[in-house]
Each structure stands twice: as structure tokens, then as C-alpha cells.
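See structure below.
The values are calculated or read from the model by the stated rules, or taken from the named source; none is laboratory data. Note that the structure is a prediction, hence the values are computed from the model and not measured. Positions of Cβ are generated from backbone atoms using ideal geometry, with glycine treated the same way; all protein chains shown enter the neighbour counts.
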Amino acid sequence: MLAYETADQLLAEPDPLRFLHVTILNAIRDKATQLEVRFGEDGGLLYYRLDGRDWELTPPSDEVYAHLKDTVRAASRLIQPERPEVTVLAGVPGARYEPLEAGWLTYQLGGRWLDLAVRIDPREPFGFIRFDIDGADDFAEAAGQALAEYAERLTADVEPPA
């Protein structure tokens, strides 16, 4: 379970967990139906689906990107299926079949819970993390308030230029 309590709690989280919180809060606020991080050799891409269209967002930093799959695994309840004996006939030499890890992430916001379906493609350095979001409409206002509180705390800690 991942819970947003206050902006102070969020500021105290490690960078990968804070990034995950902020990304999920943005997706909920904007009433997205899907959130996806795609991994590649040169870093990650971040998308969410809104009104049937994918929108590319600012990707995570390299420091966060390297720990994102493990962060999602730690916060989620996943089923990690056993790898079946499969021979890969095409693709990269020595490749093997890696089944998706699937489960859910319970997100607590404003004293209410929202379950996000989670799928992780464990292939390294490739793969993806996908969250399916049902019912974001009911949480959009609370997510917006949480983000506003977080932004206010961020700017309060920054001294204005002289």
C-alpha cells in the first residue's frame, strides 16, 4: 500500500517513492485511465492515457529510473509467476520468456483507498510498468489538493533570488 498523508511525509520519502507518488497523483488529478513507464537502453519514457490518447510526460531522472521497478514491487502486492520452460525461436540470441508480474497497488488518499492494477515486465534493461486506474474521477479533487500542498511546501523551502 502507498499512502499520501501530508506534503511533509512526501518530502521525507526517498526520491523513487516521491516520484511514484507525484506521478500517480498527477495521473489521478488529470483523470487518466492508464499510467505507463517504458524502459529502454537510454532511459525511460513516461506516458499516461487521457481520453483515449497517450500523453508523454517528463521522464524520471536516471537516479530514480534505476530504482523504479523495485520501488513499485515493494509498494504493490504482486504475483510473480514461475517462468515456464519456453524456447524463444526469434529475437535476441539467448533470450528467454519472462512472464509479467501482476497485481495491484492500493493508494490511500484523503482517507479513501483506490486500487490500481499493476503489471511489470521484468526484462532488463527493457520492459515497462503499467498502472490501470479505475475511478480516478472520485479522487481528482483530493489529488489536486495534495499536489497543491506539495508544490506550496517545495516553494516555501526555496529562498527567493536576491
Of the criteria (1) at negative phi; (2) touching a residue at least 60 places away in the same chain (Cβ under 8 Å), which one D15 fails:
(2)
Which numbered condition R18 fails, given (1) closer than 18 Å to D115 by Cα; (2) part of a helix (DSSP H, G or I)
(1)
Quick check: anything in segment 56-67 touching a helix residue (DSSP H, G or I) at 6+ places or on another chain (Cβ under 9 Å), of a type in the set (S, T, Y) and either at pLDDT 90 or above or not in a helix (DSSP H, G or I) (or both)?
yes
Kindly provide the set of residues from segment 111-121 that are surrounded by 15 or more Cβ atoms within 10 Å (Cβ to Cβ) and assigned to a loop (DSSP other than H, G, I, E, B), ordered by number.
D121
Given (1) among the charged types (D, E, K, R); (2) crowded, with 16+ Cβ neighbours inside 10 Å; (3) within 24 Å of A142 (Cβ to Cβ), where does R38 come up short, assuming only one miss?
(3)
Segment 121-162 - residue that is basic (K, R) and closer than 24 Å to A66 by Cα and, of those, modelled with the highest pLDDT:
R130
Can you tell me which of (1) out of contact with any helix residue (DSSP H, G or I) (no Cβ under 8 Å at 6 or more places or on another chain); (2) more than 14 Å from A146 (Cα to Cα); (3) without any contact (Cβ under 8 Å) to a residue 24 or more places away in the chain is the one Q9 doesn't meet?
(2)
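Can you tell me which residues in segment 16-46 are of a type in the set (D, E), within 10 Å of the chain's Cα centre (by Cα) and over 14 Å from Y65 (Cα atoms)?
Within segment 16-46, the first condition is being of a type in the set (D, E), and the residues that meet it are 30, 36, 41-42.
Remaining after also requiring within 10 Å of the chain's Cα centre (by Cα): 36.
Across segment 16-46, there are no qualifying residues.
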